[in-house]
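K.L.:
Would you mind keeping the following structure in view while I ask a few things?
Just so it is clear, none of the values below were taken in a lab; they were calculated from the coordinates. Here the structure is a predicted model, which is why all the values come from computation and not from measurement. Every residue, glycine as well, gets a Cβ built from its backbone with ideal geometry; the counts of neighbours run over all protein chains shown.
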Amino acid sequence: MSWLSPPFPERVTVDEITFVPLRPALVSVDFEAVMRDIPMLRAWSAQDWPTPEFTEAENLIDLERHDREQQEGVALTYSLLLHGVVQGCLYVRPVADALITRDVVVPTPLPLPLTDVVARAWAHDISSTSLIASCASFLSSFQFPRLWWQANTDCPDQLAACDALGWTHSLTFVGASATWVLRSVPE
């Protein structure tokens, strides 16, 4: 059985954040959110994405990939809406895949179970504490064995929010472009 099987919730509101699957139909409003603060997204992703020249057509290609990955059970991806406006995205993957997508050489043996999942998200106009708490609440319905939050050291606000929420169990991995920290509630 896959770690993730459809059907997926179509619309769930936790506190003020509404979670809807990230699909190609959202391309225009997602593009607006992506282009709103390029430096923030580059720090969050530890990549050169997006560039100022990034187009809506390129964004559509990204959304088609995310939708396909969700339908195939590879990843879980949701848009985050605040008062009906797309403010960011949530990405969830199995732990090894989450590290590989961040250019981390996965250590052997991995210091946590392969059944664990990793979430990461970005958002405008939502505090990191509210973002992480709402995402964790939303993801609790999936009954994952253990949920980790992934942030890099260029996002100290997310790491501080993890501390404030009691997500103090920490593992650090060095990737090609950033140092990534996984945080979880101690067992």
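K.L.:
I'd like the residue in the stretch 1-54 that is under 17 Å from L76 (Cα atoms) and among the basic types (K, R) and, out of all such residues, is surrounded by the most Cβ atoms within 10 Å (Cβ to Cβ).
P.N.:
Across the stretch 1-54, the extreme among qualifying residues is R23.
K.L.:
Which of the residues spanning the stretch 124-138 are over 12 Å from the mean Cα position of the chain (by Cα) and surrounded by 19 or more Cβ atoms within 10 Å (Cβ to Cβ)?
P.N.:
Just the residues of the stretch 124-138 that are over 12 Å from the mean Cα position of the chain (by Cα), to begin with: 124-130, 133-134, 137-138.
Residues satisfying the conditions are I126, S128, S134, F138.
K.L.:
Kindly provide the set of residues from the stretch 139-167 that are closer than 20 Å to L4 by Cα, within 13 Å of the chain's Cα centre (by Cα) and either among the charged types (D, E, K, R) or not in a helix (DSSP H, G or I) (or both), ordered by number.
P.N.:
First pass over the stretch 139-167, keeping only residues closer than 20 Å to L4 by Cα: 139-150.
Next cut, within 13 Å of the chain's Cα centre (by Cα) only: 139, 147-150.
Within the stretch 139-167, L147, W148, W149, Q150 qualify.
K.L.:
Here are Q87, Q70: which of them is surrounded by 15 or more Cβ atoms within 10 Å (Cβ to Cβ), closer than 27 Å to T115 by Cα and among the polar types (S, T, N, Q)?
P.N.:
Values: Q87 fails: closer than 27 Å to T115 by Cα.
It is Q70.
K.L.:
Out of V181, V118, report the one residue that is over 28 Å from P24 (Cβ atoms) and either surrounded by 14 or more Cβ atoms within 10 Å (Cβ to Cβ) or touching a helix residue (DSSP H, G or I) at 6+ places or on another chain (Cβ under 9 Å) (or both). Working first, answer last.
P.N.:
Numbers: V118 fails: over 28 Å from P24 (Cβ atoms).
The unique qualifying residue is V181.
K.L.:
Is the stretch 163-174 home to any residue that is surrounded by 14 or more Cβ atoms within 10 Å (Cβ to Cβ) and among the hydroxyl-bearing types (S, T, Y)?
P.N.:
Yes; the residues of the stretch 163-174 include at least one that is surrounded by 14 or more Cβ atoms within 10 Å (Cβ to Cβ) and among the hydroxyl-bearing types (S, T, Y).
K.L.:
Next question. With the structure loaded, tell me whether W49 is aromatic (F, W, Y) and within 21 Å of D125 (Cα to Cα) or whether it fails that test. Spell out the reasoning first.
P.N.:
Values: aromatic (F, W, Y): yes; within 21 Å of D125 (Cα to Cα): yes.
It is true that W49 is aromatic (F, W, Y) and within 21 Å of D125 (Cα to Cα).
K.L.:
List pairs: first residue in the stretch 72-93 and within 14 Å of R11 (Cα to Cα), second residue in a loop (DSSP other than H, G, I, E, B) and among the β-branched types (V, I, T) anywhere in the structure, Cβ distance under 8 angstrom, at least six positions apart or on different chains.
P.N.:
L80/I126; L82/I126
K.L.:
Every residue in the stretch 144-164 that is closer than 20 Å to I100 by Cβ, out of contact with any Cys (no Cβ under 6 Å at 6 or more places or on another chain) and not small (G, A, S), please.
P.N.:
First, pick out the residues of the stretch 144-164 that are closer than 20 Å to I100 by Cβ: 144-155.
Narrowing the set further to residues that are out of contact with any Cys (no Cβ under 6 Å at 6 or more places or on another chain) leaves 144-148, 150-155.
Passing the criteria: F144, P145, R146, L147, W148, Q150, N152, T153, D154, C155.
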